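Novice: After the structure tokens below, expect a handful of questions from me.
The values are calculated or read from the model by the stated rules, or taken from the named source; none is laboratory data. Note that the coordinates shown come from a computational prediction; the quantities given were computed from them, not determined experimentally. Because the Cβ atoms are built from the backbone with ideal geometry, glycine has one as well, and the counts that use them run over all protein chains shown. When the accessible area is computed, the model is the full protein with side chains, heavy atoms only, and any ligands, DNA or RNA have been set aside. Shrake-Rupley method; radii C 1.70, N 1.55, O 1.52, S 1.80 Å.
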Amino acid sequence: MNNRIDVAPEVAEALRAGRAVVALESTLITHGLPHPANVETALAMEAAVRAGGAVPATIAVLGGKLSVGISRAEIERLGALPTGSVRKCSRRDLPIAVARGEDGATTVAGTMIVAHMAGIRVFATGGIGGVHRGAPFDVSADLLELGRTPVAVVCSGAKSILDLPLTLEVLETQGVPIVGLGTDTLPAFYSRSSGLPIDGRVETEAEAAKIISAAQRLGAQHGVLVAVPVPAKDELPAEKVEAAIRRATDEAAAQGVHGKRVTPFVLARVAELTGGESRKANTALLVNNARTAGLIAVALAGGAR
Ligand code: PSU
Ligand code: MN
């Protein structure tokens with residue numbers, strides 16, 4: 001591999017032995033959740049991956065190095081930095097952070113790229129980026145990455161701060177299979193269902209692994225989206241968040257917030273406006289997705305056919 005990627009010994013060892021590894025992102029730590037909930041959640045996700053029998057690999061750029069399996073100390077350090085002080089790294093940002101020897105937080109797209117370079121096939125997060133409401137030309141690079149990088153992304157769909165029907169259209173165009181674990185519809189992050197139908201319902205992690213494995217055997221160069229609804233007891237009714245989302249997206253437009261700043265701005269405002277309730281759902285689904293991804297990675301490593 002190249003000298004710009006640094007893989008933690010435990011992760012490298014597991015990959016060499018063909019054991020299960022799950023990638024985790026870092027933008028969630030620096031831009032997605034406030035301190036100290038961000039650090040607590042990142043560590044809880046690592047523990048949940050382990051509980052499923054897999055090795056966690058949180059990914060970030062550290063001093064210009066693409067780093068796979070960053071330490072607890074690094075998670076704590078990144079999590080305590082002032083919001084916005086670390087570069088948010090999607091595909092187009094990685095060369096800049098690397099060339100300048102910067103620290104960078106990887107988005108879903110950025111994490112997929114680095115995970116694939118390291119040979120990791122499964123990645124867990126909360127929600128992917130998508131097509132923005134009222135700005136259909138603002139399409140997250142996450143969707144295009146899913147169309148070009150063979151990593152399975154386990155998530156709870158996308159937040160309804162986005163235009164979910166248009167997000168599904170772009171995923172279709174990009175050729176991304178959507179596997180619903182115990183669901184026929186795209187989950188809407190805080191809520192179990194967006195009401196939008198998806199095709200690939202499965203009932204178990206092992207069945208999800210079979211689809212990921214089939215994509216690989218077909219030589220697919222694209223990713224697979226594994227959609228896992230938030231646990232029922234932690235679900236937040238869609239109406240409860242809708243008013244906050246409308247207000248936050250309006251404020252973003254009024255204040256001229258655009259580009260990579262839109263998602264963090266809206267996420268932070270929705271969290272402020274909905275208070276602790278949304279935080280609880282957010283943490284619950286992140287930990288549940290990490291555990292689920294661990295089980296999928298174990299099934300894949302066991303040679304799911
Ligand atoms: N959605 C969330 N929480 C997050 C993100 C999305 O509920 O933290 C982050 C992810 O890292 C995702 C990124 O990849 O935002 C998408 O940003 P953009 O819309 O600029 O592509
Ligand atoms: Mn965006």
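Novice: Identify, please: which residue in the range 138-147 is closer than 20 Å to residue 88 by Cα and not in a helix (DSSP H, G or I) and is, among those, nearest to ligand 1 (Cβ to nearest atom)?
Specialist: 140
Novice: Failed condition for residue 136, given (1) free of Cβ contacts under 8 Å to residues at least 40 places away in the same chain; (2) touching a Cys at 6+ places or on another chain (Cβ under 9 Å), with all others met?
Specialist: Only one criterion in (1) free of Cβ contacts under 8 Å to residues at least 40 places away in the same chain; (2) touching a Cys at 6+ places or on another chain (Cβ under 9 Å) is unmet by residue 136, namely (2).
Novice: Also: Scan the range 228-286 for residues that are away from ligand 1 (no atom under 15 Å from the Cβ), free of Cβ contacts under 8 Å to residues at least 40 places away in the same chain and either of a type in the set (Gly, Ala, Ser) or not in a helix (DSSP H, G or I) (or both) and jot them down.
Specialist: 243, 254, 255, 256, 275, 276
Novice: Return the only residue of 34, 82 being open to solvent by 20 Å² or more (accessible area, probe 1.4 Å) and within 16 Å of ligand 1 (Cβ to nearest atom). Give the steps one after another, and end with the answer.
Specialist: Details: 82 fails: within 16 Å of ligand 1 (Cβ to nearest atom).
Of 34, 82, the one residue that is open to solvent by 20 Å² or more (accessible area, probe 1.4 Å) and within 16 Å of ligand 1 (Cβ to nearest atom) is 34.
Novice: How many residues, within the range 236-271, are open to solvent by less than 40 Å² (accessible area, probe 1.4 Å) and among the polar types (S, T, N, Q)?
Specialist: Total satisfying the criteria: 1.
Novice: What number of residues within the range 148-165 are within 13 Å of ligand 1 (Cβ to nearest atom) and open to solvent by 20 Å² or more (accessible area, probe 1.4 Å)?
Specialist: The number of residues fulfilling the criteria is 3.
Novice: Any idea how many residues of the range 108-140 are touching a Ser or Thr at 6+ places or on another chain (Cβ under 7 Å), within 16 Å of ligand 2 (Cβ to nearest atom) and open to solvent by 40 Å² or more (accessible area, probe 1.4 Å)?
Specialist: Residues in the range 108-140 being touching a Ser or Thr at 6+ places or on another chain (Cβ under 7 Å), within 16 Å of ligand 2 (Cβ to nearest atom) and open to solvent by 40 Å² or more (accessible area, probe 1.4 Å): 2 in total.
Novice: Among (1) open to solvent by less than 40 Å² (accessible area, probe 1.4 Å); (2) out of contact with any strand residue (DSSP E or B) (no Cβ under 8 Å at 6 or more places or on another chain), where does residue 20 come up short?
Specialist: Condition (2) is where residue 20 drops out.
Novice: Looking only at the range 42-78, filter to residues that are of a type outside the set (A, V, I, L, M) and crowded, with 24+ Cβ neighbours inside 10 Å; which one of those is nearest to residue 290 (Cα to Cα)?
Specialist: Within the range 42-78, the match that is nearest to residue 290 (Cα to Cα) is 56.
Novice: Do we have any residue at all in the range 153-167 that's within 12 Å of ligand 2 (Cβ to nearest atom), within 17 Å of the chain's Cα centre (by Cα) and of a type in the set (Ser, Thr, Tyr)?
Specialist: For the range 153-167, residues within 12 Å of ligand 2 (Cβ to nearest atom), within 17 Å of the chain's Cα centre (by Cα) and of a type in the set (Ser, Thr, Tyr): present.
Novice: Pairs under 7 Å by beta carbon, first residue part of a helix (DSSP H, G or I) and modelled with pLDDT of 95 or more in the range 113-127, partner among the hydroxyl-bearing types (Ser, Thr, Tyr) and buried (at least 24 other Cβ atoms within 10 Å of the Cβ), six or more apart or different chains?
Specialist: Filtered contacts from the range 113-127: 114/106.
Novice: Residue under question is residue 292, and the condition is that it be open to solvent by less than 60 Å² (accessible area, probe 1.4 Å) and within 19 Å of residue 35 (Cβ to Cβ); does it hold?
Specialist: no
Novice: Taking residue 300 as the residue in question, decide whether it is under 15 Å from the mean Cα position of the chain (by Cα) and either under 13 Å from residue 22 (Cβ atoms) or crowded, with 23+ Cβ neighbours inside 10 Å (or both).
Specialist: Judged against the criteria, residue 300 is not a match.
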